[in-house]
Amino acid sequence: MILAGDIGGTKTNLGLFEERNGSLALLTDQRYTSHEHKGLEEVVGDFLKSAAVKVTAAGFGIAGPVLQNRVEATNLPWIVDGLSLAKFLGLGRVALLNDLQATAYGVGVLGPEDLETIASGAASLESTRAVIAAGTGLGEAILFWDGKRHLAMASEAGHADFAPHTDQQVELWRFLKARHEFVFTELILAGRGFQRVHEFLNPAVRHPGFDGGDPDPAPEITRQGLSGECPVCAATLDFWVEMYGSEAGNLALRAVARGGIYVAGGIAVKILPKLKEGRFVSAARHKEKTGGFSLQSVPIHVVLDEKCPLKGAAYAAWKGL
């Protein structure tokens, strides 16, 4: 029995998988609110107490860099130690992965029904794929072909500098630079980024949660942006989607992602109608021309299965990655 986890700043999803006919089947899963618990071992203990099964392998995708089999979670006051967790589970080892590594491995096991293609293209199956996911934070990973199979490489690209390339984006950079020491990409392309963009476009229009309380204003901004109820929210969503597409294109260029761009994360599913309008694709493909590689031929897919990272963590544990 394989235990898998998808751990983020907002939620922690755990699941149990078993091998069936050469693939993994999800038997049961449960969602926890991350900040309501002291650490991963507490959540795992609660999840397993009602499951009369013996765990034989375990893998966890965690938002944060994995260093020496240990993770200090991003956007969450947890430290996950692989050796301690393996001992807790009675295993020789557990697979600790960056959450986008897990998502990338999950992309490799999804079926066509789990994807929405928003831009067609001629993908090379034995080529690198780019995976980007905006949620509580911004994650990016590369699924590279090693000659036999795809392997996932993590990154901390969400904390790299934001690169404006239009006059409006330059003004946004200046607006943020006046308030933050670093203007990094995740400052914009994550849940809280919607409020920052909204305040840049029109600081006079306010919504609940803008002053640091609950609820999180991002869902309300995206809801009113999609419906058109609030013109500033609609403009925020359009501007945000344009910058998200541009960053996806940057990642694809850096990785020479002939195998496609995969847009994962909870935000993508919630704003799928906007992603399909064309603004995202246009921004992703509007790059300097290079000889022999063009983003015009790279397909772009939105991952519809929100259990993708969980499935990827289970796959990594199954394969001993």
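Values in this text are rule-based calculations from the coordinates and carry no lab data. The structure presented is a predicted model; accordingly, all values stated were derived computationally and were not measured. For neighbour counting, all protein chains shown are included, and Cβ atoms are generated from backbone atoms with ideal geometry for every residue, glycine included.
Things worth noting here:
- Helix 167-177 vs. the chain, principal-axis angle (Cα, 0 to 90°, nearest 10): 60
- Exposure proxy ranking, count of Cβ atoms within 10 Å, fewest first, for Lys49, Lys274: Lys49, Lys274
- Based on alpha carbons, the Rg and Dmax found for segment 54-153 are 15.6, 47 Å.
- Our coupling estimate for segment 282-297, obtained by passing each phi through the Karplus curve with A = 6.51, B = -1.76, C = 1.60 and θ = phi - 60°, is 4, 5, 5, 9, 7, 10, 4, 5, 10, x, x, 9, 10, 6, 4, 9 Hz, Gly and Pro reported as x.
- One Cα centroid belongs to segment 55-106, the other to segment 118-140; the line between them spans 23 Å.
- J(HN,Hα) series, segment 84-92, from Karplus relation 6.51 cos²θ - 1.76 cosθ + 1.60, nearest Hz, glycine and proline x: 5, 5, 4, 5, 4, 8, x, 10, x
- In terms of other Cβ atoms within 10 Å, Trp240, Trp78, Trp318, Trp173 run from fewest to most in the order Trp173, Trp318, Trp78, Trp240.
- Prolate/oblate/rounded call for segment 111-304, Cα gyration tensor, a/c under 1.5 rounded: prolate
- 0 to 90° range, to nearest 10: angle between helix 308-319 axis and the chain longest Cα axis: 40
- Among beta bridges identified by DSSP and lying wholly in the chain, the antiparallel ones come to about 70 percent.
- Taking the fewest neighbouring Cβ atoms within 10 Å as the starting point, the ordered list for Glu19, Glu41 is Glu19, Glu41.
- In segment 111-304, lysine pairs with alpha-carbon atoms under 28 angstrom apart (chain gap of 8 or more, or interchain): 7
- Cα long-axis angle, helix 231-255 against the chain (0 to 90 degrees, to the nearest 10): 60
- For segment 2-105, the antiparallel share of DSSP beta bridges with both residues in that region comes to about 65%.
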